[in-house]
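Below is one structure, written out as structure tokens; the observations come after it.
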Amino acid sequence: MGDQISDAIVCTRTGCSGTIVEGYCDECGRAAAMPADRAGTGPGTGLADGPIDVHVPTGRTRRDATSAPAPKADAPVEDAAIVVVESTPATVGGRESVGLGRGIVEVASVSAIDPRRQVLADPLVPERDRRCAWCDRLVGQSKAGRPGRTSGFCPSCRHPFDFEPKLHPGDVLAGQYEVAGCLAHGGLGWVYLATDRNVSERWVVLKGIIDARSPDARHAALAERQFLATVEHPEIVKIYNFLADAEGEYIVMEYVAGMSLTALLRGRRDRNGGLPDPFPPDVAIAYVLGILPALGYLHDRGLVYCDFKPDNIIHVVDRLKLIDLGGARRLGDPSDVFGTVGFQAPEIAEVGPSIQSDLYTVLRTLAVLCLDFRGYTTRHRFGPPPVDEYPILREFDSLRRLFERGLDADPARRFQSVAELETQLLGVLRECAAVRAGEPRPGASTVFTPEIVALGDSVQVDAPTWRVLPYPLISPSDPAAAYLVNLPPARVGATAPMIEAAVRDGQILNTVEAMLRRVRDHLDASRSDPEQLQHALRLLAGASGEVDRDWRVQWYRGLASLVAGQSDAARGAFSAVRGFLPGELAPVLALAVTEEQSGAFDAAAALYRRVVAVDPGYQSATFGLGRCLAAGGDVHGSIDAYERVPGGSTLREHADAAQARALLRPGAGAIGLDAVIAAARSVDRLPVDSQRYEELEFDVLLAALGAVRSGTDTSGTAVLGVAMEERALRRALERNRRRMARRVPDGAPRVAMVDAANRIRPRTLW
């Protein structure tokens, strides 16, 4: 007869004129015969057919093992979870949850829900979710106004299907669990609500198999039993018991009286007039961060979850629960993998699950939570969401880069552990929360030092320089780490020879960290000895293979390029680091310095502003922002930037000087009186005996003289203790130049200062 069975097959019952529709006669109801190659052996032979073997010789994971596509946003959602919720979530807002939002963002709590309200009045698997467990074709579909069957045989392959619940209200299992009704249904099993008669009538959940004759479903249920029995984590649903009756086997789990993230999204949509309303990015990230420890717990025990998605995360009060471990596998398990289209990594079918594929599902989940991610099960089934369709990814470049790395087609380029992903997610969370709230959300980096800003007059904040940029922290796993950390203080340029000697003597290995510390030393010494830059470049050029791709090597390549004045090369190196570490501010600061150094002041200002918005402790970013705004003609913005430097800071003097310079920029015309007075106030806060004071005093007095000569009414006005009238200003300018002449060495500079004094004095200029 062949594998394809059409609706026109005649019933084989004697005297019956009906035809076979979806495996049953439309007149007598007799089941069609199953092909010989599917009878008694292989898949679909029932629960009592002996050991289950779902291994497919042609591949470790077959396509059939992936569940049906996730429900679309405009379709009703039947959570394959412990609890199904109403269309409008019962939320209480306002109070910050330190545990869930990490104290960075407020996440509204979710009230516990009366379990009796969650029982389905009419438990029925929607036709769109009825798929053959063997060939994945739709089954049980309506035709000609006739509702589709809930049980029968697949018309394509004749594999049996059954989507009817096996338990009903009032049923008692094992003399202990009284069924209240169905809560939910999913790709692998029915979920029932019940009370435990032996334990204070507590609410529990019974999870069975939606199609007991499906070998894949049975395998998944057995796997869930095996893994759940070993799991004990506060963010993972608890298992209480296992039992079986004549209809099948059940797992007894705790009842979680909360709402799935899918249901919360649906509630936001309903309150928004039916239009999608995804979570703000910081709230979505807070959700992911809140459940990541559960995933890390599984990974630490050699398990991969495989089916991470919003349906399987329940929010109750201020906690999260990860539910449904039916798809969990041990690392290296060759059996079929159950997952969900739109979330699963592309390599699953070929190489099986891994920690990297698990983390891939986490990033896809984040995309669904914070974007109106259309087409994520179809045209955008794999990879990061397209930037051109989501303006929020342009607003938060760190979020875009997070998706690009986490959803890379190559697992080796993705995040490699929950800890690594968590660190970068936390950084992205700080940025998104800071921008949305308009308040900083600073946090110490775990991979970079603070910015290198020296104290006193040697501080370099008056111009863009690589010297303010942080350095990567020494990796404790590097064999040379202990030696490098304990290096004694040495003069600039002396560290590299010490390390080279230690390598020659066999004290340490010539590791990546040892090489990079030598590079750093050569760069530090390049200020006085340009040849040192070449030493650094030669060391970096020698990096190859995995070392060449190390983000730390890229960082030092960026620094060396800045020293060499090669902005394009520096931009490429720092951009690569930013893509690898999207939650770190150091690469953003480095790119800002690069853009400013190349004259791209608008681009640099945007980057500096983002750093300052998240962590004002990066004071070099504040100065950079002020410089770039002033260069673009935004003097008021520049002044506001410098005002952010605290009064007690050692950099306050530099900020006052920078404010004066911004106000006294020549621009297109004469400097106004208000700007002169404001600049004078900034200069007046500087130490009067400092060279910086005398330099800026001259600029203020000269600008004041220009205002007087332009005809501006300055009567009764004074700056820096000098009346704003021409003769007094000239005398003050003369005195300034003669004092400055005494500060400079003999020779041409001093002669120039004296000449300037003679030109400006009242009696000789006119």
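Among the residues making up region 483-500, those that are among the aliphatic types (A, V, I, L, M) and either over 23 Å from PRO530 (Cα atoms) or in contact with a strand residue (DSSP E or B) (Cβ under 9 Å, 6 or more places away or on another chain) (or both) are LEU484, VAL485, LEU487.
So, in region 391-409, of the ones that are part of a loop (DSSP other than H, G, I, E, B) and within 18 Å of LEU425 (Cβ to Cβ), which residue ends up farthest from the chain's Cα centre (by Cα)?
ASP408
Go through region 401-421 and report how many residues are under 19 Å from GLY342 (Cα atoms) and free of Cβ contacts under 8 Å to residues at least 40 places away in the same chain. So the answer is 2. Taking the numbered list (1) in contact with a Gly (Cβ under 7 Å, 6 or more places away or on another chain); (2) within 13 Å of HIS185 (Cα to Cα); (3) modelled with pLDDT under 85 in turn, ILE82 passes all entries but (1).
If you check GLY542 against the conditions, is it surrounded by fewer than 21 Cβ atoms within 10 Å (Cβ to Cβ), on the phi > 0 side of the Ramachandran plot and modelled with pLDDT under 95? Spelling it out, it is not the case that GLY542 is surrounded by fewer than 21 Cβ atoms within 10 Å (Cβ to Cβ), on the phi > 0 side of the Ramachandran plot and modelled with pLDDT under 95. For ARG685, indicate whether it is surrounded by fewer than 17 Cβ atoms within 10 Å (Cβ to Cβ), touching a residue at least 24 places away in the same chain (Cβ under 8 Å) and under 52 Å from the mean Cα position of the chain (by Cα). Against the criterion (surrounded by fewer than 17 Cβ atoms within 10 Å (Cβ to Cβ), touching a residue at least 24 places away in the same chain (Cβ under 8 Å) and under 52 Å from the mean Cα position of the chain (by Cα)), ARG685 qualifies.
Note on region 509-531: residues that are touching a helix residue (DSSP H, G or I) at 6+ places or on another chain (Cβ under 6 Å) and surrounded by fewer than 20 Cβ atoms within 10 Å (Cβ to Cβ) amount to 2.
In the set (1) farther than 28 Å from CYS135 by Cα; (2) modelled with pLDDT under 90; (3) not acidic (Asp, Glu), the condition left unmet by SER335 is number (1).
Each row is one residue, and each column tells you yes or no for (1) part of a helix (DSSP H, G or I); (2) within 25 Å of ARG379 (Cα to Cα); (3) touching a His at 6+ places or on another chain (Cβ under 8 Å).
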position: ILE314; (1), (2), (3): no, no, no
position: ASP324; (1), (2), (3): no, no, no
position: ASP333; (1), (2), (3): no, no, no
position: ASP336; (1), (2), (3): no, yes, yes
position: ARG364; (1), (2), (3): yes, yes, no
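Considering only region 724-748, how many residues are surrounded by 15 or more Cβ atoms within 10 Å (Cβ to Cβ), of a type in the set (A, V, I, L, M, F, W, C) and part of a loop (DSSP other than H, G, I, E, B)? Total satisfying the criteria: 1. Looking across region 472-507, just one residue is out of contact with any helix residue (DSSP H, G or I) (no Cβ under 7 Å at 6 or more places or on another chain) and at positive phi, and that is GLY506. Entry remark, region 663-688: residues being under 26 Å from ARG739 (Cα atoms) and in a loop (DSSP other than H, G, I, E, B) number 8 in total. Residues that are among the basic types (Lys, Arg) and in contact with a Cys (Cβ under 8 Å, 6 or more places away or on another chain) within region 131-156 comprise just one, ARG137. In the set (1) at pLDDT 90 or above; (2) within 24 Å of ASP656 (Cα to Cα), PRO687 fails one condition alone, (1). Out of everything in region 341-367 that is at pLDDT 95 or above and of a type in the set (D, E, K, R), what residue ends up being nearest to the chain's Cα centre (by Cα)? Filtering region 341-367 for residues that are at pLDDT 95 or above and of a type in the set (D, E, K, R), the one nearest to the chain's Cα centre (by Cα) comes out as ARG364.
If you filter region 579-629 down to residues that are among the aromatic types (Phe, Trp, Tyr) and in contact (Cβ under 8 Å) with a residue 40 or more places away in the chain, you find that the one that is surrounded by the most Cβ atoms within 10 Å (Cβ to Cβ) is PHE623.
Among all residues of region 371-390, there is at least one that is among the aliphatic types (A, V, I, L, M) and crowded, with 18+ Cβ neighbours inside 10 Å.
Within region 256-301, if we keep just the residues that are crowded, with 24+ Cβ neighbours inside 10 Å and not in a helix (DSSP H, G or I), the residue that is farthest from the chain's Cα centre (by Cα) turns out to be VAL256. What do you reckon, is GLY721 modelled with pLDDT of 90 or more and surrounded by fewer than 21 Cβ atoms within 10 Å (Cβ to Cβ)? Taking the combined requirement at face value, the residue satisfies it. Summed over region 648-684, residues that are modelled with pLDDT of 90 or more and of a type in the set (Ser, Thr, Tyr) total 1.
Going residue by residue through region 331-339, is there one that turns out to be buried (at least 23 other Cβ atoms within 10 Å of the Cβ), of a type in the set (A, V, I, L, M, F, W, C) and over 17 Å from the mean Cα position of the chain (by Cα)? Yes, there is a match, as at least one residue in region 331-339 is buried (at least 23 other Cβ atoms within 10 Å of the Cβ), of a type in the set (A, V, I, L, M, F, W, C) and over 17 Å from the mean Cα position of the chain (by Cα).
Would you say VAL708 is crowded, with 18+ Cβ neighbours inside 10 Å, under 18 Å from ARG681 (Cβ atoms) and modelled with pLDDT of 90 or more? Before the answer, list the steps.
On the way: crowded, with 18+ Cβ neighbours inside 10 Å: yes; under 18 Å from ARG681 (Cβ atoms): no; modelled with pLDDT of 90 or more: yes.
So VAL708 does not fit the description; no.
The values are calculated or read from the model by the stated rules, or taken from the named source; none is laboratory data. Keep in mind the model is a prediction, meaning the values are calculated, not measured. Reconstructed Cβ throughout: ideal geometry from the backbone, glycine too, with neighbour counts over all protein chains shown.
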